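Inspection log for the structure reproduced underneath, given as structure tokens.
The values are calculated or read from the model by the stated rules, or taken from the named source; none is laboratory data. Please read all numbers here as calculations on a predicted model, not as lab measurements. Using ideal geometry, Cβ is built from the backbone for each residue, glycine included, and neighbour counts are taken over all protein chains shown. To get the accessible areas, we keep the full protein, side chains included, count just its heavy atoms, and leave off ligands, DNA and RNA. Shrake-Rupley method; radii C 1.70, N 1.55, O 1.52, S 1.80 Å.
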Amino acid sequence: MDRERDEIAVVGAGLAGCLLACFLARRGYKVTLYERRPDPRSGTVERGRSINLALSERGLDALRRIGLAEQVMADALPMRGRMIHPVVGEPQFQSYSGSGDRAINSISRGALNNALLDAAGKLPGVRMAFDHRLVGLDPTTGEMTFETPQGKVTTAASVVLGADGAGSAVRGQLLGYGVLTESLDFLDYGYKELTIPPLGGEFALDPDALHIWPRGTSMMIALPNPDRSFTCTLFWPTHGTASFASLGSPAAIEQHFATHYPDLPPLAPNLVDDYQHNPVGVLGTVRCTPWQVDGRVGLLGDAAHAIVPFYGQGANCAFEDVVELDRCLDECGDEWSAALPLFQQRRQANAEAIARMALANFVEMRDKVASPVFRTRKRVEHTLERALPGRYVSQYELVSFSTTPYAEVRRRVRRQYRAVGAVAVGGLALLAAGVAALARGRRG
């Protein structure tokens, strides 16, 4: 492909799309970013849409490659562990790492998106087209039709890349052509956002932690923001007696929170208004195959493999996709017909691995983090990490603080558990033998 002549269309100017445009422009491609919304740098954030995210090593690795990590991290808030809020009693802190010094980072989603848009816009060959909603795509020719405020626009590109999120219009077009299959697995849970404003100009809660209110079949989390507020997210069932559907009146809302989240109402003066007016979002896992058609149309990020948010890896995983696609282009000499299939081959098992780990982490955050057994297991894990540095590493650390492929993380953790289990069994056997010998000695 002639990089200077052929144009790459990136549909979706969110986090993954903007990062992708930066990587492609650095390779010398002409890139057009298409986005259905207006330019977010001149608009307002949609109510109830998350204003922060957890950035960890995989995302930082991608940002370092384009020289943006330092700028993005300037306003980041490191979260070194979980702060568990019981119904009764004081909150308890659980470190993410054995050393206690590793952190995931709460950052502004909007600020990160704007920084990536600015970075892409400064690169030669990048053009941006906002208010362009994809309504037609011919995967055999790369011809696209967009609805815009001025009417329909038809254009074409040599390669079309869908980075347009879980509800991807590109994926929908490929599905309509019968060249792709998909499965959408939705949880019987939704999410709704609330806000804890600053208290006396300062954080109302400890800003060095991700706060969790585990309640068995439901939970709430809170992440700090640079303006000293917290964004809280409720993860509740969508139906039933303790669900979003069961709370209607202000009195019922106030009573529910006073009973189940008693430390929240004093800190959230707009609790009832936020609850009544912020939307309930859906939670689900998107799987599809193939991720590309004829080396001309491809998917990445949530458009190819959306996951539930309980490991804080959605954006990090999408950023890692961009790095891997760039690597595949290197290895394939920029032959897209070879690079796109190779990209899927390299990333699909990893996407499935983090999808499964994210679902499992929901159960951990919702049900287990408050239990004494879980706390004991974490203490043992951290002890092993300190005793066996580099040889024993917890799943959380491998996911959040390394770029070890997700599928390899699962395999390594299973090997570690087997090894620890074998040592434990051996230790018990030695203990039993010692007790038996002691008993024999006493009889003698």
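The ellipsoid that matches the Cα gyration tensor of the stretch 301-413 has semi-axes, each √(5λ) in whole angstrom, of 32, 17, 9, with the longest given first. Note on the stretch 276-372: with charges restricted to the Cβ of Lys and Arg (+1) and Asp and Glu (-1), its dipole about the Cα centre is near 500 debye.
Here the stretch 364-407 is treated as a sphere whose radius is the Kirkwood value from Cα pairs; by Stokes-Einstein at 4 °C and 1.567 mPa s it diffuses with a coefficient of 112 µm²/s.
Between the stretch 139-212 and the stretch 225-283, the C-alpha centres lie 24 angstrom from each other. Using the Cβ of L398 as centre and a radius below 13 Å, the other residues enclosed give a net charge of +3, where K and R count +1 and D and E count -1.
Centre-to-centre, using Cα atoms only, the stretch 22-44 and the stretch 68-88 are separated by 28 Å. Shown in residue order for the stretch 300-313 are the 3J(HN,Hα) couplings computed by the Karplus curve 6.51 cos²θ - 1.76 cosθ + 1.60 at θ = phi - 60°: 8, x, 4, 4, 9, 7, 5, 10, 6, x, 7, 10, x, 10 Hz (x for Gly and Pro). Across the chain, Cα pairs under 8 Å and at least six residues apart give a relative contact order of 18 percent. With helices as the sole contributors, the chain gives -12500 deg cm²/dmol at 222 nm; each DSSP H run of n ≥ 4 counts as -39500 (n - 2.57), and the sum is divided by every residue. H305 contributes about 10 Å² of solvent-accessible surface, heavy atoms of the protein only, 1.4 Å probe.
State the number of lysine pairs found in the chain whose Cα atoms come within less than 28 Å, restricting to pairs 8 or more positions apart or on distinct chains. For the chain, qualifying lysine pairs total 5.
Under a 5 Å amide H to amide H cut-off, with H placed in plane at 1.01 Å, what residues pair with F93 once short-range neighbours are removed? Close amide H contacts, sequence-distant or interchain: I84. Rounded to the nearest 20 debye, the dipole size of the stretch 1-135 about its Cα centre is 180 debye, using +1 on the Cβ of Lys and Arg and -1 on the Cβ of Asp and Glu. When the residues E254, E324 are ordered by accessible surface, computed with a 1.4 Å probe over the protein chains alone, the sequence from largest down reads E254, E324. Based on Cα contacts under 8 Å between residues 6+ apart, the stretch 1-137 shows a relative contact order of 36 percent.
The shape of the stretch 137-192 can be summarised by an equivalent ellipsoid whose semi-axes, obtained from the alpha carbon gyration tensor, come to 26, 16, 9 Å from longest to shortest.
For the stretch 60-209, what Kirkwood radius comes out of the mean inverse Cα-Cα distance, in Å? Here the Kirkwood hydrodynamic radius works out to 20.2 Å. For the chain, the share of DSSP beta bridges that are antiparallel, to the nearest 5, is 75%. Taking only alpha carbon atoms, the stretch 140-288 gives an Rg to Rh ratio of 1.12, where Rh is the Kirkwood radius. In units of the rule-of-thumb radius 2.2 N^0.38 Å, the stretch 51-122 shows an alpha carbon radius of gyration of 1.36.
Here the chain is scanned for trypsin sites (Lys or Arg not before Pro) in DSSP loops (not H, G, I, E, B) that have at most 11 other Cβ atoms within 10 Å, and the longest stretch holding none of them is 48-390. Remark on the stretch 175-240: Rg and Dmax equal 17.5, 57 Å (Cα only). Ligands, DNA and RNA aside, S402 has an accessible area near 20 Å² when probed at 1.4 Å.
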